[in-house]
Amino acid sequence: EELVLGLGNPLLDISATVDDDFLQKYKMKPNDAILADEHHKTLYDELIEQYNADFIGGGSVQNTLRVAQ
C-alpha cells in the first residue's frame, strides 16, 4: 500500500461580501487578503452574525493533497 504524507500549516480562507464600514473598521481594502492578528479578533463573529461568509479550508499542502487523491 502506498501512502502520501503532507506536512504544512493549514489555512482558513473566508470569503464574504461586506460594506465599506466593515472594511474601514478593520482597516482593510476591497478584495484584500490579510493574516489576521489581535485587531481582527471580533471580525469572525461579525462575519458569521451579519454577513453570509464562506469558510474554505486551504493551505498549499492541503490543496496539493486534494489534487493527489
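The values are calculated or read from the model by the stated rules, or taken from the named source; none is laboratory data. Note that the coordinates shown come from a computational prediction; the quantities given were computed from them, not determined experimentally. Note that each Cβ is placed from the backbone with ideal geometry, even for glycine, and that neighbours are counted across all protein chains shown.
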Residue that is surrounded by the fewest Cβ atoms within 10 Å (Cβ to Cβ), among those in segment 31-69 that are touching a helix residue (DSSP H, G or I) at 6+ places or on another chain (Cβ under 8 Å) and at pLDDT below 90: Asp32
Pairs where the first residue, in segment 21-44, is under 22 Å from Pro10 (Cβ atoms) and the second is of a type in the set (Gly, Ala, Ser) and in a loop (DSSP other than H, G, I, E, B), C-beta under 9 Å, 6+ apart: Leu43/Ala36; Tyr44/Ala36; Tyr44/Ala53
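Could you go through segment 18-30 and let me know if any residue there is of a type in the set (Val, Ile, Thr) and loosely packed, with under 14 Cβ neighbours inside 10 Å.
no
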